[in-house]
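Student: Provided herewith is a single structure, encoded as structure tokens, for subsequent inquiry.
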Amino acid sequence: MSADRTCIIFYLLSAVLYFIHNGNSQEGIFNAKHADHCFPSEFLESLSMSMKITKAGFHRDLLYSVEWGKVDHDVKALLVQKMPSGVYMDEYQLETLKHDTGLEVLLDSKVDLEAPEYLSSGFTALVFLSGKHEATVPVHGRYHRPSNSSQKWVTVEIEPPRLLLRSDQCVLPHHEATEAPCTVRNHSICSWLEIRRLEDTGPVSLEIPVGDSSMTLCVCVGTVLTAALSCVFLLRSIWRHGTF
Amino acid sequence: MDVRVCGMFSAAVLFRLVLLCVGVYQDQNLQLKYTDVDYHVFTDASRFITQGESPYRRSTFRYTPVLALMLTPNVLLTAHFGKLLFCGCDLLSGWLLLRLLALRGTSRGSALVCCGLWLLNPLPAGVSTRGNAESVLAALVLSTLLCLECRRLAAAALLFGLSVHMKIYPLTYALPIALSLAEAPSRERGLVPNLVRLFNRDLLLFAAVSGSVFMALNGTFYCIYGWDFLHESYLYHVTRRDIRHNFSPYFYMLYLTAEGSGTGSGIWSGIWSGIWSGSWSGIWSGSWSGSLALVLFVPQLLLVLLSSLAFRSDRPFCCFLHTAVFVSFNKVCTSQYFLWYLCLLPLVVPRLTLGRRRGLALLLLWIVGQALWLSPAYSLEFEGRNSFTLVWMAGLLFLLINSFILGQIIGHYRPIEAQRKKTD
């Protein structure tokens, strides 16, 4: 009798354990299915991203465009753009654009608006595309070191951004997720799916004029002479016409 | 009140209102904004003050907290309050010019024409309606000069202390003011008694009141905001080496020699950073560019000293000359700086014997000089052409043009002392 009871308890325990285990793995399967359902492979095939740079000179616009096929839930995209030290973004201009055009860009550090390139460091900009497929982000070139060769321009390369996706309707499994702020207000961190198999759009580059340091001596001499000439001319005028 | 005066001021008010409306429309509908970035800097700094924080949390706010305090209604009432205040200061400056010209013996008719040079001039109207604070300082400087003409020394000293607190350049006016307040040296006594006589009661009173106002304001703000206040309000402007293109003739030279001393100024920081980077060329270029920065002060210093001595009898002309020289030979020069001496030009014009055609030709020359600079600067910044050499040469040409125009003004000016001697 006691053996039967032990057997029943044993079977009950193993059944419970089995259901718990199975339930978990079913949940796991459920999650994976849900993620697949969230971003199925046809959807991932239909993804495309392009990046262009427009305008000329020191003030440029970065045009981002992310396209995807039809899907029955909302998709939020996030572009993680690493910027080199040769350019900067104006956080105050971005703030104004957020009010005017709804552009959502978050900078990861305080960017000096006036420092030259050799005294600045790169930073990362997070461009949020909530429901939109395009964004135009203004960037500005910094002054670079004058060149000692006959190079008149310096090329600054901006690598293509990383594309992250998430949706409010599904939860991503943790081992596949990248952590990043949920929205531009940076109140909370969410899990995003990083899309790695995108066609490489290649970096964009901008050319920034630089001074010619081979002319340094000529410029210094010319400037000092002109300033001295003007100064002497004015001193002479004041001496002649002033009352002492 | 005179009908003509009313008419002039009404036209000035209308002109500014039209520009304000254009500004509002342009800001709302076009990509290129009418309002200057500085106005947003002031508003942001005022917002920090209303929240009980330091206005220097706003980066690039390099002014006195008094300005941010004055503009707190921008946050509390309407965003356009600041622009209306600056336009009001414009009109106040016009009225002060009228009073000053009357005191200096100019006829009503010519005084009105000279005021029109300020009130109906698109440059100051544009600058104020764009939200730059230059007209506040113009009003302060003109009221200082008016109080000095009326011999109200305490009021003049108070306004002078406030002006120097707001911007450093009126400090150069201390020399002509001191020389005009001091007693004339007499040949009979020796050097030391003459020097003692220089410091008479008027001069000591002026120095004491303006010094106390300046120290009181600086002390208060230093206690509240600490080192940030001193650095952003004053030290930044003195040590500033902006290598980006601007009207200054020294811009390209400073850009090419900028590295080595980093953003520091002076010989010692240059040498120190050279030693730190471990290179002889670093030390050499550091000390070189450091001493270069010091050398660049010499023309400004010499011209300011000599013009103070030469024209001490005519304070407004002396101040005009000081500011024109200071701006032309400064390491950084933007178009806002022109307003610093433009507000004093109406006081100088009645005594010029230039003749209308010559005057207009000089004005045209000045505008052409600016245009010759703006053209390569535009293609550098917005089209990416490497026109650095052209910008440099245009900067030098602009300096030569400014010096020529100033030389013409000095050569054709009848100082007020000559007038007095004639009537005596």
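FYI, it's all coordinate maths here, none of it is from the lab. All values derive from a computational prediction rather than experimental measurement. No Cβ is skipped: glycine too gets one built from the backbone with ideal geometry, and neighbour counts run over all protein chains shown.
Student: Give me the Kirkwood hydrodynamic radius of region B:68-151 in Å, from all C-alpha pairs, to one decimal place?
Tutor: Working: mean 1/r = 0.0737 Å⁻¹.
Result for region B:68-151, one decimal place: 13.6 Å.
Student: Something else now. Of B:K167/B:K331; A:K110/B:K83; B:K33/B:K167; A:K52/A:K82; A:K98/B:K33; B:K33/B:K83, which pairs sit farther than 19 Å apart, going by alpha carbon to alpha carbon? Intermediate values should be presented prior to the final figure.
Tutor: On the way: B:K167/B:K331 16 Å; A:K110/B:K83 29 Å; B:K33/B:K167 27 Å; A:K52/A:K82 15 Å; A:K98/B:K33 15 Å; B:K33/B:K83 15 Å.
From the list (B:K167/B:K331; A:K110/B:K83; B:K33/B:K167; A:K52/A:K82; A:K98/B:K33; B:K33/B:K83), the Cα-Cα distance tops 19 Å for A:K110/B:K83; B:K33/B:K167.
Student: Express in whole angstrom the spacing between the alpha-carbon centres of region B:211-242 and region B:58-131.
Tutor: 24 Å
Student: Binned at 10 Å from 0, what are the whole-percent values of the Cα-Cα distance distribution for region B:311-424, short to long?
Tutor: Spelled out bin by bin, region B:311-424 gives 13, 40, 29, 13, 5, 1, 0 percent.
Student: Let me ask something else about it. Based on the alpha carbon coordinates of region B:121-184, what radius of gyration and maximum Cα-Cα distance (Dmax) apply, in Å?
Tutor: 13.4, 45
Student: Next question. Write down the Å³ per residue value for the convex hull defined by the alpha carbon atoms of region A:108-162.
Tutor: Details: hull volume 6.5 nm³, N = 55.
Once divided by residue count, the hull of region A:108-162 is 119 Å³.
Student: If each of A:Q169 and A:F244 carries a label point 7 Å out from its Cα toward its Cβ, how far apart are those two points in nm?
Tutor: 9.0 nm
Student: Sequence-distant or interchain residues sharing an amide H contact under 5 Å with A:G57, placed H: which?
Tutor: Counting only residues 5 or more places away or on other chains, the set is B:G384.
Student: Still on this structure: From the phi of every residue in region A:46-57, what ³J(HN,Hα) in whole Hz does the Karplus formula 6.51 cos²θ - 1.76 cosθ + 1.60 yield, where θ is phi - 60° and glycine or proline is x?
Tutor: 7, 6, 8, 9, 9, 9, 10, 10, 10, 6, 9, x
Student: Same structure, new question: Within 10 Å of each Cβ in peptide B:387-399, how many partner chain Cβ atoms are there on average? Round it to a whole number, please. Mind showing how you got there, number by number?
Tutor: Numbers: counts 2, 8, 5, 0, 0, 6, 3, 0, 2, 8, 1, 0, 6.
Mean partner shielding for this stretch: 3.
Student: Using the C-alpha atoms of region B:39-83, what convex hull volume per residue, in cubic angstrom, is computed?
Tutor: Working: hull volume 2.5 nm³, N = 45.
Hull volume over Cα atoms, normalised by residue count, gives 54 Å³.
Student: While we're on this one: Using only atoms on other chains, find how many Cβ atoms lie within 10 Å of each Cβ of peptide A:56-68 and report the average. Could the numbers behind the result be given before it?
Tutor: Details: counts 6, 8, 7, 3, 1, 0, 0, 0, 0, 0, 0, 0, 0.
Average neighbour count from other chains, rounded to a whole number: 2.
Student: Let me ask you something else. Give me the net charge of B:H412's neighbourhood, meaning all other residues with Cβ under 10 Å from the Cβ of B:H412; Lys, Arg count +1, Asp, Glu -1.
Tutor: On the way: positive: B:R351, B:R358, B:R414; negative: none.
Combined, the nearby Lys, Arg, Asp and Glu give +3.
Student: Moving to a separate point now. By what distance, in whole Å, do the Cα atoms of chain A stretch along each of the three principal axes, largest value first?
Tutor: 130, 38, 38
Student: Could I ask something else about it? Compute all pairwise cysteine Cβ distances in chain A, then list the cysteines with no distance under 4.7 Å to another cysteine.
Tutor: Those would be A:C7, A:C218, A:C220, A:C231, since no other cysteine Cβ in chain A comes under 4.7 Å of theirs.
Student: I would also like to ask the following. Could you work out the mean count of beta carbons from other protein chains within 10 Å of each residue's beta carbon in B:377-386?
Tutor: Working: counts 0, 1, 3, 3, 7, 5, 5, 12, 5, 10.
Taking all residues of B:377-386 together, the mean is 5.
Student: For region B:101-237, what size does the Cα cloud have along each of its three principal axes, sorted from largest down, in whole Å?
Tutor: 56, 51, 22
Student: Each label point is 7 Å from the Cα along the Cα-to-Cβ direction; what then is the distance between the points at B:L363 and B:L14, in nm?
Tutor: 2.0 nm
Student: Please list, in order along region B:210-218, the HN-Hα scalar couplings obtained from phi with the Karplus expression 6.51 cos²θ - 1.76 cosθ + 1.60 (θ = phi - 60°), rounded to whole Hz, x for Gly and Pro.
Tutor: Per residue, the Karplus-derived 3J(HN,Hα) values read 5, x, 5, 4, 4, 5, 5, 4, 5 Hz.
Student: Turning to a different aspect of this structure: By average Cβ neighbour count within 10 Å, what is the ranking of B:149-158, B:220-229 from highest down? Please list the in-between numbers first.
Tutor: Values: B:149-158: 16.5, B:220-229: 14.2.
Top of the packing list down: B:149-158, B:220-229.
Student: Scaled to the compact-protein estimate 2.2 N^0.38 Å, what is the alpha-carbon radius of gyration of the protein assembly as shown, rounded to two decimal places? Provide the component values of the computation, followed by the final result.
Tutor: Values: Rg = 32.4 Å, N = 668, 2.2 N^0.38 = 26.1 Å.
In units of the 2.2 N^0.38 Å rule of thumb, it is 1.24.
Student: Work out how far the C-alpha atoms of chain B reach from end to end along every principal axis, then list the three figures in whole Å, largest first.
Tutor: Dimensions of chain B along the principal axes of its Cα atoms: 69, 63, 49 Å.
Student: In nm², what is the average projected area of the convex hull enclosing the Cα atoms of region A:131-242? Mind showing how you got there, number by number?
Tutor: Values: hull surface 59.7 nm².
Average projection, Cα convex hull of region A:131-242: 14.9 nm².
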